[in-house]
Amino acid sequence: MKSKEFNIKLNGLSAEELNEILLNTQVELRKLKMNHKTAELENPLEIRSVRRNLSRINTEIKKRELQQSTN
């Protein structure tokens, strides 16, 4: 999924849904890293993609926290 599409998807989610996706993405990243260390991944660039999505989720959560604190 492209970054703009992913960001638009994140904008429509509630805080609870964002936290749930954050946890699922963290677990997915840990699994990918472990599999990469123990065996060769079919697509090692997938780790980069998941890591970037994780950062996008964290950015959206932080942005909402800052908006809430200024209101």
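Please treat every number below as a calculation from the coordinates, not as lab data. Here the structure is a predicted model, which means the values were calculated and not measured. All Cβ positions, even for glycine, are placed from backbone atoms using ideal geometry, and neighbour counts span all protein chains on display.
With respect to (1) surrounded by 12 or more Cβ atoms within 10 Å (Cβ to Cβ); (2) more than 11 Å from L54 (Cβ to Cβ), the lone exception for N11 is condition (1).
Among the residues of the range 1-46, those identified as part of a loop (DSSP other than H, G, I, E, B) and not small (G, A, S) are M1, K2, L13, E40, L41, E42, N43, P44. Across the range 9-50, the qualifying residues are those that are under 13 Å from the mean Cα position of the chain (by Cα) and among the β-branched types (V, I, T), and the one among them that is nearest to I61 (Cα to Cα) is I21. Across the range 30-65, which residue is surrounded by the most Cβ atoms within 10 Å (Cβ to Cβ) among those that are in contact with a helix residue (DSSP H, G or I) (Cβ under 6 Å, 6 or more places away or on another chain) and among the β-branched types (V, I, T)? Checking each candidate, the answer is I57.
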